[in-house]
């Protein structure tokens, strides 16, 4: 059946429409236009009785368009949304929006693409762009990527961009920089050619002949996609963080929010191994202690930790807590995946939890395992960590701008350089980055399994003793086993945190054996998995996940 040409009366709404100067700030933040199905921002029309909204430009669309640049020889007629038609410009279905059609050529273009040929990138480039309605191989002059698809071309100077790149906004705000970032396609005219420009978010080289988001005041540059990945509402960093004292400001006595008694400073080495209640690592001077309670805190884990902060790899402010908001107090760090007790930072918005070590990492890291400085950044190239070679590539890692293929996940970057191992005669094992010999066969002396020659390991040269990092440190070395807690939601009696292995009794809930953290009740002889996640949840096993 031939499609019906519509009259303007088809698009008139039954209720009165009221013009608003700013629909976004009028309680319509997530609304879409009822004609073009795009977000409604800025000026537009709002129905006084229902959820009908219109862009200002969509209020009275012309019934016909003559001499459109994409189809100049014939008139285009306005049509109602149709699931059977596809826009020849963006290749998307026209079922959710009005479109224009040339019946003679079987040509369709939706109401958005009618005006999209003069795109937002045009504000940067200042020329008119026309889509080439064929699949071609080309390099985008905005992002620099080579692809095959529909290109938008400037007929004046041959500047060619992706369909995806025409929608990059002229200016964006971000939580990672205190100023707005402006899209520029001429950075090569603003900086010296000899200067190496790096993206501040992924620390890969910025090619100045392509588009980039840039802050001229700070010489801050970011790839288009990197900047879009962290785009968000501007956040004044000074409002979410505070000035942190240095170690020389440590006083002799403090009252800390994590403990009921006063803490006294000490700068002496302890004969017995003690654990810091903040970071759960071995205590070392200077530290604070409460002799009455056998309570210890590193100096760096007291007044040197701000109560609010914004880490490098997260976009929301974090709040310092004396323990995770779970009955057991155990949490899994969102960044390094370690399970631990102790202080933590919790995201105020998404509830992710970070340990204090990961949340305090610097932007630049000089690591013994690599000859160049490393920078924390977005892992857009999906680099594998050169410490553990885990196939699960992290979203953030420390990268080397000079080598480009070298990266370290946060877990490997925070491994201690030296660790004490009780069964080694020389007390300490050293983190080692290359194999100890050329035998071609390498084993862990603790688990007696083979070692991957590419992966880092701990080594004692005098004893020729080598072992996996997890075997030396332990997967649960930061958990205080034996600690008790009460939670009636879990169990009627006091529960104790215990570690289970494959030879332990099976979980009383799901019936399987397991190697990991569990809770047990000595009165009932009850034990069960304890499941903790970094997105803010904890429970006792209901069924084995």
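The values are calculated or read from the model by the stated rules, or taken from the named source; none is laboratory data. The model shown is predicted, which means the values in this text are computed figures rather than measured ones. Every residue, glycine as well, gets a Cβ built from its backbone with ideal geometry; the counts of neighbours run over all protein chains shown.
Taking segment 362-383 only, how many residues are buried (at least 19 other Cβ atoms within 10 Å of the Cβ) and touching a helix residue (DSSP H, G or I) at 6+ places or on another chain (Cβ under 7 Å)?
Number of matching residues: 2.
Yes or no, residue by residue, for (1) under 25 Å from the mean Cα position of the chain (by Cα); (2) closer than 19 Å to residue 229 by Cβ; (3) modelled with pLDDT of 85 or more:
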site: 167; (1), (2), (3): yes, yes, no
site: 171; (1), (2), (3): yes, yes, no
site: 179; (1), (2), (3): yes, yes, no
site: 185; (1), (2), (3): no, no, no
site: 189; (1), (2), (3): no, no, no
site: 199; (1), (2), (3): yes, yes, yes
site: 214; (1), (2), (3): yes, yes, yes
site: 218; (1), (2), (3): yes, no, no
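Can you pull out every residue in segment 296-317 that is out of contact with any helix residue (DSSP H, G or I) (no Cβ under 7 Å at 6 or more places or on another chain) and assigned to a strand (DSSP E or B)?
Those that are out of contact with any helix residue (DSSP H, G or I) (no Cβ under 7 Å at 6 or more places or on another chain) and assigned to a strand (DSSP E or B): 296, 297, 298.
What number of residues within segment 351-360 are touching a helix residue (DSSP H, G or I) at 6+ places or on another chain (Cβ under 7 Å) and either assigned to a loop (DSSP other than H, G, I, E, B) or modelled with pLDDT under 85 (or both)?
Of the residues in that region, 1 qualify.
Table: residues versus (1) within 33 Å of the chain's Cα centre (by Cα); (2) within 16 Å of residue 330 (Cα to Cα); (3) surrounded by 12 or more Cβ atoms within 10 Å (Cβ to Cβ).
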| position | (1), (2), (3) |
| --- | --- |
| 460 | no, no, yes |
| 471 | yes, no, yes |
| 476 | yes, yes, yes |
| 495 | no, yes, yes |
| 507 | no, no, yes |
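Is there a residue in segment 119-142 that is under 30 Å from residue 222 (Cβ atoms), assigned to a loop (DSSP other than H, G, I, E, B), modelled with pLDDT of 85 or more and not assigned by TED's automatic domain parsing to the domain that holds residue 66?
There is at least one residue in segment 119-142 that is under 30 Å from residue 222 (Cβ atoms), assigned to a loop (DSSP other than H, G, I, E, B), modelled with pLDDT of 85 or more and not assigned by TED's automatic domain parsing to the domain that holds residue 66.
May I ask you to say which residue of 409, 388 is in contact with a helix residue (DSSP H, G or I) (Cβ under 9 Å, 6 or more places away or on another chain), buried (at least 19 other Cβ atoms within 10 Å of the Cβ) and either assigned by TED's automatic domain parsing to the domain that holds residue 314 or closer than 22 Å to residue 334 by Cα (or both)?
388
Every residue in segment 509-537 that is assigned to a loop (DSSP other than H, G, I, E, B) and buried (at least 17 other Cβ atoms within 10 Å of the Cβ), please.
514, 534, 536
Just to be sure I understand, how many residues within segment 241-268 are assigned to a loop (DSSP other than H, G, I, E, B), at pLDDT below 85 and exposed (fewer than 10 other Cβ atoms within 10 Å of the Cβ)?
2
Go through the residues of segment 415-423 one by one and say whether even a single one is under 16 Å from the mean Cα position of the chain (by Cα) and touching a residue at least 24 places away in the same chain (Cβ under 8 Å).
Within segment 415-423, not a single residue is under 16 Å from the mean Cα position of the chain (by Cα) and touching a residue at least 24 places away in the same chain (Cβ under 8 Å).
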